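Asker: The structure that follows is given in the form of structure tokens.
The values are calculated or read from the model by the stated rules, or taken from the named source; none is laboratory data. Keep in mind the model is a prediction, meaning the values are calculated, not measured. Note: ideal-geometry Cβ built from the backbone for every residue, glycine included; neighbour counts use all protein chains shown.
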Amino acid sequence: MVSDIVKDEAHNIQYEYTFELVAMPIKEELLRKNCNEYASTFIGAISWSISPNGNKFTGNYEWYKKKGDTHHTRAYSIQDVLEEYGFSFMKNNKQDTKIPCVIYGNLIPTKVHYIGQSKAEVDTAPFVKGIIKAVKSVTRSIPTFRVADILTPDYHVGSSGGTSFSLHRRIGRSWREPKPPTPERRTMFDVVYEALKERIETVKSGREWTGELHTQNQLWYVSLPLIKRWVDEGRLKKPKNRNNFLDQIRKVCDHYDVKREEVGVMAGAYAQMFFNGHWSAVNFEDIGVLADMGVVILFIEKQDVVQTLGPFTSKYGVALVNSKGHLSEYAKDLSEAAEDEGAKIAILSDYDIPGLHIASKLPNACWLGVDEDMLECFGITHEDEDNVIPYDPAVGLGDEEIKADIESDERFAYPRVDIGWLKQRIHDQYQGKKYKAAGHKVEIDAVLAKVGTEAFWNYLMSKMEEAFDTMDYTRVIHAHNHIPQTGAIENFVVPSIVHQLASHINDRYRELTKERRTELEEDLQDYEDGFVVVEDKENEIRKEINEIAYKDQEAKDIESVLKAAGTELKVVIEESINKAIKKLDAEKGYGIMDKILEGGRRGGGGS
């Protein structure tokens, strides 16, 4: 919307006006089916009133389209102006055409001069400047077919194209070999679909995707071989970066009406801490509670990596904290509080200067990488173009900050970390000029994509087991809670003597197993055998405690008495109820017993 005050030289007056312009794009899924089925449409109104013949705001438009132009661009209607900025009102869309839109323009003048008797057109001369300004503003928000990654007939890979060929002769030249047919063209939308095809089909068939989970960036690395193959085959333009790929993930999911999480693509964590299948925000009020969670608290800078690793970490009693690219004060407070309570602290970051800088903020934490050790383990070299990308930020950490926070930390010493390879370098050039050479980085997602989530988690576990001599498993396993209970007596009214005997047995079980439960707690507090599956360990403890309790002869004898009494009591109750119901039927004619017997025959016989 543009509002302005204009001076109408022709009529020697000055007044205000407003020009509203809005563009509503056609849905991309419709354009992917047939890109030339649609063209842009313009609807013009004056003070919200639309003429039956339309209003194109005809007039004399002159302006400099680009900064530095020496000649005016000319147009004779707003539709002409829109065409200058890439909109097409004919069904002949090309890669540089704006996505077809329904465009609505509304001129709201406080004073208006109509042209002609019909008053269908106005003199646009006073409003030309504002109309052009509005067009420029709307144009910026509408992508071209190329940016939206939608094929049009003029799309081609490389500098030459065409779908037909023939033998031909040129003057002064010999016969040439015929050109092969142009291969079927592909877009980044197709790449994403190929990566998600099996998952989408699974979800659309009503089943749940139970395969591997991927982060969005991990999916990019998984798709790189297909991208490279299609580029080599001439099917796909070589992408400049991954941004278009990441944009297309949402578009593919929207197109096939599935959610990213449904097809195993983790777009970001829902909260900052993940433990036992639940997310919790890390805030000041909850730090004390969260500090008691997890035998190890592992900080990870990537949001979606937390979700991807979550199913593997929970069963070992490991809590994950998503640091969202930096460590907030609350996250640091959580680390300190958890360490005071006996938790082990670890951190995982990208292998780049910012990742090391994040890890440096937790000086007592076990840094797991990504580092040179991990690269060597998984066969990633410095020359690996699929997994190593340039690190070239507009504003990076300075040498002084790198020296103070990173190089001074023994965890980042060579050969585990090659800081010279990671960081940007400033070189002197001829005549004193300087230029920057990009550094390098390897993302967590790249390693995940190469080796898979399970292998990656197993590597992290092995590194933590090397770093931590013992772990306090009493933070997640409580042996003292596993006290055997006597079986319940199945009857309607349990006499008090039964409750008293059951309580006596339970107290006896507690006393008999107390010593062993205490020993198990002490073993768990300084657990030396590395990571353990929490559920398996709890079952093992429960079985051992039960075996001790159930060997006690006194408890066995009391259990026998209670079970025998229960059986007798059941018979007595059944006889008493049968007698009472038959008497009720005889006195009042309810026929309850007949109904029960008939119901029993139906329930037991059925064919």
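Asker: Out of (1) farther than 20 Å from Asn92 by Cβ; (2) out of contact with any Gly (no Cβ under 7 Å at 6 or more places or on another chain); (3) surrounded by fewer than 18 Cβ atoms within 10 Å (Cβ to Cβ), the odd one out for Val6 is which?
Answerer: Going through the list (1) farther than 20 Å from Asn92 by Cβ; (2) out of contact with any Gly (no Cβ under 7 Å at 6 or more places or on another chain); (3) surrounded by fewer than 18 Cβ atoms within 10 Å (Cβ to Cβ), Val6 breaks only (3).
Asker: Quick check: anything in region 468-478 buried (at least 21 other Cβ atoms within 10 Å of the Cβ) and more than 30 Å from Arg510 (Cα to Cα)?
Answerer: No, the conditions are met nowhere in region 468-478.
Asker: Report the residue count in region 562-590 for those that are farther than 21 Å from Gln500 by Cα and either in contact with a strand residue (DSSP E or B) (Cβ under 7 Å, 6 or more places away or on another chain) or surrounded by fewer than 12 Cβ atoms within 10 Å (Cβ to Cβ) (or both).
Answerer: Start the filter on region 562-590 by keeping residues that are farther than 21 Å from Gln500 by Cα, which leaves 571-590.
Narrowing the set further to residues that are either in contact with a strand residue (DSSP E or B) (Cβ under 7 Å, 6 or more places away or on another chain) or surrounded by fewer than 12 Cβ atoms within 10 Å (Cβ to Cβ) (or both) leaves 571-572, 574-577, 579-580, 583, 586-589.
The total comes to 13.
Asker: With the checklist (1) among the aliphatic types (A, V, I, L, M); (2) surrounded by fewer than 20 Cβ atoms within 10 Å (Cβ to Cβ); (3) closer than 24 Å to Ile5 by Cβ in hand, flag the one item Ile78 doesn't pass.
Answerer: (2)
Asker: Just wondering, is there one or more residues in region 252-261 that are under 30 Å from Ala343 (Cβ atoms) and modelled with pLDDT of 80 or more?
Answerer: Within region 252-261, the subset under 30 Å from Ala343 (Cβ atoms) is 261.
Next, only the ones that are modelled with pLDDT of 80 or more stay: 261.
Checked region 252-261: at least one residue is under 30 Å from Ala343 (Cβ atoms) and modelled with pLDDT of 80 or more.
Asker: Okay, moving on. If I filter region 369-422 down to residues being of a type in the set (A, V, I, L, M) and in a loop (DSSP other than H, G, I, E, B), which single residue comes out as farthest from Lys302 (Cα to Cα)? Break it down stepwise before answering.
Answerer: To start, the set of residues in region 369-422 that are of a type in the set (A, V, I, L, M) comprises 370, 374-375, 380, 388-389, 394-395, 397, 402, 404, 406, 413, 417, 419, 422.
Cutting the leftovers down to in a loop (DSSP other than H, G, I, E, B) gives us 370, 380, 388, 394-395, 397, 413, 417.
Values: Val370: 12, Ile380: 20, Val388: 17, Ala394: 21, Val395: 21, Leu397: 20, Ala413: 23, Val417: 20 Å.
Going through the qualifying residues, I end up with Ala413.
Asker: Which residue is modelled with the lowest pLDDT, if the candidates are limited to region 165-201 and must be closer than 23 Å to Asp149 by Cβ and among the basic types (Lys, Arg)?
Answerer: Of everything passing the filter in region 165-201, Arg185 is modelled with the lowest pLDDT.
Asker: Right, something else. Looking at the structure I just gave you, is Ile108 assigned to a strand (DSSP E or B) and modelled with pLDDT under 90? Even if it seems obvious, please write down each step before you answer.
Answerer: Details: assigned to a strand (DSSP E or B): yes; modelled with pLDDT under 90: yes.
Yes: the conditions hold for Ile108.
Asker: Related question: Just a yes or no: is a residue in region 526-539 over 30 Å from Lys463 (Cβ atoms) and surrounded by 10 or more Cβ atoms within 10 Å (Cβ to Cβ)?
Answerer: Among the residues of region 526-539, not one is over 30 Å from Lys463 (Cβ atoms) and surrounded by 10 or more Cβ atoms within 10 Å (Cβ to Cβ), which makes the answer no.
Asker: A follow-up question, please. Has region 223-230 got any residue that is farther than 18 Å from Lys450 by Cα and touching a residue at least 24 places away in the same chain (Cβ under 8 Å)?
Answerer: To start, the set of residues in region 223-230 that are farther than 18 Å from Lys450 by Cα comprises 230.
Then keep just the ones that are touching a residue at least 24 places away in the same chain (Cβ under 8 Å); that gives 230.
Scanning region 223-230 turns up at least one residue that is farther than 18 Å from Lys450 by Cα and touching a residue at least 24 places away in the same chain (Cβ under 8 Å).
Asker: From the list Gly396, Gly342, exactly one residue is at positive phi, surrounded by 14 or more Cβ atoms within 10 Å (Cβ to Cβ) and not acidic (Asp, Glu). Which is it? Don't jump to the end; show me each part of the working.
Answerer: Working: Gly396 fails: at positive phi.
After applying the criteria, what remains is Gly342.
Asker: So in region 450-479, with the set limited to residues that are touching a Lys or Arg at 6+ places or on another chain (Cβ under 6 Å) and part of a loop (DSSP other than H, G, I, E, B), which one is nearest to Asn217 (Cα to Cα)?
Answerer: Within region 450-479, the match that is nearest to Asn217 (Cα to Cα) is Phe468.
Asker: Report every pair of residues separated by at least 6 positions or lying on different chains whose Cβ atoms are under 6 Å apart, first residue within region 517-529 and part of a helix (DSSP H, G or I), second among the hydrophobic types (A, V, I, L, M, F, W, C).
Answerer: Arg517/Ala479; Leu520/Ala479; Leu520/Ile541; Glu521/Ala479; Leu524/Ile477
Asker: Does region 361-368 contain any residue that is under 17 Å from Asp418 (Cβ atoms), of a type in the set (Gly, Ala, Ser), surrounded by 13 or more Cβ atoms within 10 Å (Cβ to Cβ) and in contact with a helix residue (DSSP H, G or I) (Cβ under 9 Å, 6 or more places away or on another chain)?
Answerer: Checked region 361-368: no residue is under 17 Å from Asp418 (Cβ atoms), of a type in the set (Gly, Ala, Ser), surrounded by 13 or more Cβ atoms within 10 Å (Cβ to Cβ) and in contact with a helix residue (DSSP H, G or I) (Cβ under 9 Å, 6 or more places away or on another chain).
Asker: Among what's in region 198-223 and is outside any helix (DSSP H, G or I) and hydrophobic (A, V, I, L, M, F, W, C), pick the residue that is nearest to the chain's Cα centre (by Cα). Spell out the reasoning first.
Answerer: We begin by selecting, within region 198-223, every residue outside any helix (DSSP H, G or I); these are 205-215.
Now drop any that are not hydrophobic (A, V, I, L, M, F, W, C), which leaves 209, 213.
Working: Trp209: 15, Leu213: 10 Å.
Per the criteria, the residue is Leu213.
Asker: Does Asn36 satisfy the criteria of being closer than 25 Å to Lys94 by Cα and surrounded by fewer than 17 Cβ atoms within 10 Å (Cβ to Cβ)?
Answerer: Values: closer than 25 Å to Lys94 by Cα: yes; surrounded by fewer than 17 Cβ atoms within 10 Å (Cβ to Cβ): yes.
Criteria met by Asn36.
Asker: Starting from region 302-327, take each residue that is assigned by TED's automatic domain parsing to the domain that holds Asp445 and list its partners that are at pLDDT below 80 and among the basic types (Lys, Arg), counting only C-beta distances under 7 angstrom and pairs at least six apart or across chains.
Answerer: Note: pairs meeting the criteria are Gln303/Lys324.
Asker: When region 387-439 is examined, which residues are found to be modelled with pLDDT of 90 or more and among the charged types (D, E, K, R)?
Answerer: If the condition is that a residue be modelled with pLDDT of 90 or more and among the charged types (D, E, K, R), then Glu407, Asp409, Glu410, Arg411, Arg416, Asp418 are the ones that fit.
Asker: Residue by residue through region 500-556, note down the ones that are out of contact with any Pro (no Cβ under 7 Å at 6 or more places or on another chain) and among the aliphatic types (A, V, I, L, M).
Answerer: Leu501, Ala502, Ile505, Leu512, Leu520, Leu524, Val532, Val533, Val534, Ile541, Ile548, Ala555
Asker: From Phe57, Phe89, grab the single residue that is modelled with pLDDT of 85 or more, at positive phi and in contact with a Phe, Trp or Tyr (Cβ under 8 Å, 6 or more places away or on another chain).
Answerer: On the way: Phe89 fails: at positive phi.
One residue alone meets the criteria, Phe57.
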